[in-house]
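Below is one structure, written out as structure tokens; comments come after it.
Read the figures in this text as sums done on the coordinates, not as results from a lab. In this text, all values refer to a predicted model and were calculated from it rather than measured experimentally. Because the Cβ atoms are built from the backbone with ideal geometry, glycine has one as well, and the counts that use them run over all protein chains shown.
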Amino acid sequence: MRIAVIGGGAAGFFSAIHAKENHPIAEVTILEKSKKLLSKVKISGGGRCNVTNGTDSLSMLAKAYPRGEKQLKKIFPTFSNKDTIAWFEARGVPLVKQPDGCIFPKSQNSQSIIDCFLKETKRLNISVRTETKVKELIPIEGGRIRLQINESEIEDFDKVIVATGGSPKKEGLLWLEQLGHEIIDPVPSLFTFNMPDEDVKSLMGIVVDPVQTKIEGTKLKASGPLLITHWGMSGPAVLILSAFGARLLSKKSYEFKLHVNWFNDLNEIGIRREIDALEENYPKKILQNIRPLQIPDRLWQFLLTKGNISSQKKWEEIGKKDKNKLVDLLFNDVYRVKGKTTFKEEFVTCGGVSLNSIDCLTMQSKIVPNLYFAGEVMDIDGITGGYNFQAAWTTGFFAAKLS
Ligand SMILES: Cc1cc2nc3c(=O)[nH]c(=O)nc-3n(C[C@H](O)[C@H](O)[C@H](O)COP(=O)(O)OP(=O)(O)OC[C@H]3O[C@@H](n4cnc5c(N)ncnc54)[C@H](O)[C@@H]3O)c2cc1C
């Protein structure tokens, strides 16, 4: 049996290794269009490669995928984040979990992951061809698949796994659409919010953890740390919104209003109680010097100025009007977003080959027999935190069964 894996990235290597282990007598070849193998793994996680996430519950793991949650939930019990950890550790790559749940190689170097894959492919005698671009895929008689490679080469395979990664443009997926697969228009996911007209940027570097964020006029909301940057806002409370709202925010041309509850899950009544307590406990102190503890000092001064509330007032002098303004700012602070910025170059695509065209228990195409998919080429993507690689490992594991 001849097996071709198109794409020498995370999903390609993982599926090729498992395909060979599942079918030891088959000839397995990875075809990579560029000169470099595993180039995204190399730069991922700031060069450290966040291989997976350490969340304990499989349903929480699945919930990290705005696209693909339902399908991954069915297959995670067979190959989950725990299996990823065990797989790498069994191959001499110890991993460590950060307090935020992200899992990295103990070496803090993505090269450990690359070396592990290269060693495995060598051990299993998998051939790896670079500068080999697959241009067309033609189903032929006997269920075989003919690949048109580079300018003029043609090769036939019994099974083909497509692991070509996310394509920022739909044209990049035309060769798969022409075969009859439904393609969901790609749009970016995982981006930070630009706020060119907002003075809050002067607070760059401040982190408030946790806050609740919402996008006006939608049901989108998130909780987590929020980082103020020199161009706007970032951090999980923003990135989660960008992932779950990827398509909607694209339709809005990235212009919308962001609402922030600086007290995260406290409602208006709860926040008013906090403010009442400050007024009661520190009547003679001025607002500038006494603030709710979870609000960083610079943000507190900023909010007082934004609300036009004198910071020199004593707490006993705050009055009903200013108190209402303050509670409103802490509970529902509004910022105008205009544009987006890619998060640490970690561009991830929402969209790709529709899951309607794939049997998600086998990863086999519903259109072309013996054709399988793995990784980001499919309409599956996760939030930041190791989830995108986990999807590549799990779908690669399933595609490699070639069943
Ligand atoms: C800067 C950055 C940092 C990231 N950090 C993390 C992180 O720490 N943790 C995390 O979980 N996710 C991270 N991600 C996301 C993660 O890298 C991707 O989700 C993951 O690489 C997808 O794997 P893949 O194998 O599906 O695609 P890719 O890694 O994109 O691999 C696809 C490969 O296919 C090749 N190819 C494409 N078309 C063809 C063709 N026609 N013929 C032959 N070869 C072809 C490409 O050249 C490429 O090498 C990061 C992404 C970026 C850009």
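Here are the numbers:
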{"read-out": "Local electrostatic count, residue 132, Cβ distance below 9 Å [Lys/Arg +1, Asp/Glu -1]", "value": "0"}
{"read-out": "24 Å Cα-Cα threshold exceeded, pairs from 33/170; 135/170; 285/325; 35/119; 251/325", "value": "251/325"}
{"read-out": "Segment residue 122-residue 294, length gained on full extension (0.36 nm per residue, minus Cα span)", "value": "56.6 nm"}
{"read-out": "Relative contact order computed over region 191-345 (Cα-Cα under 8 Å; 6+ residues apart), in percent", "value": "31"}
{"read-out": "Set of aspartates and glutamates with alpha-carbon distance to residue 321 below 19 Å, sequence-local pairs under 8 removed", "value": "268, 274, 276, 279, 280, 333"}
{"read-out": "For the chain, alpha-carbon Rg and Dmax in angstrom", "value": "25.0, 88"}
{"read-out": "Label point distance in nm, residue 131-residue 218, each placed 7 Å from Cα along Cα→Cβ", "value": "4.4"}
{"read-out": "Relative contact order, percent, the chain [alpha-carbon distance under 8 Å, six or more residues apart]", "value": "24"}
{"read-out": "Inter-label distance for residue 156 and residue 86, nm, one decimal - labels placed 7 Å from Cα along Cα-to-Cβ", "value": "4.0"}
{"read-out": "Protection proxy ranking of 152-164, 65-77 - average other beta-carbon atoms within 10 Å, highest first", "value": "152-164, 65-77"}
{"read-out": "Inter-centroid distance (Cα atoms) of region 108-134 relative to region 254-286, Å", "value": "53"}
{"read-out": "Contact order normalised by residue count of region 59-206, Cα under 8 Å, 6+ apart, percent", "value": "9"}
{"read-out": "Tilt relative to the chain, helix 297-306 - C-alpha long axis, 0 to 90 degrees, to 10", "value": "70"}
{"read-out": "Tilt relative to the chain, helix 10-22 - C-alpha long axis, 0 to 90 degrees, to 10", "value": "40"}
{"read-out": "Spatially proximal aspartates and glutamates relative to residue 221 (Cα-Cα < 13 Å; intrachain offsets below 8 disregarded)", "value": "265"}
{"read-out": "Residues of region 325-344 with amide N under 20 Å of the 7 Å Cα→Cβ point at residue 310", "value": "325-327"}
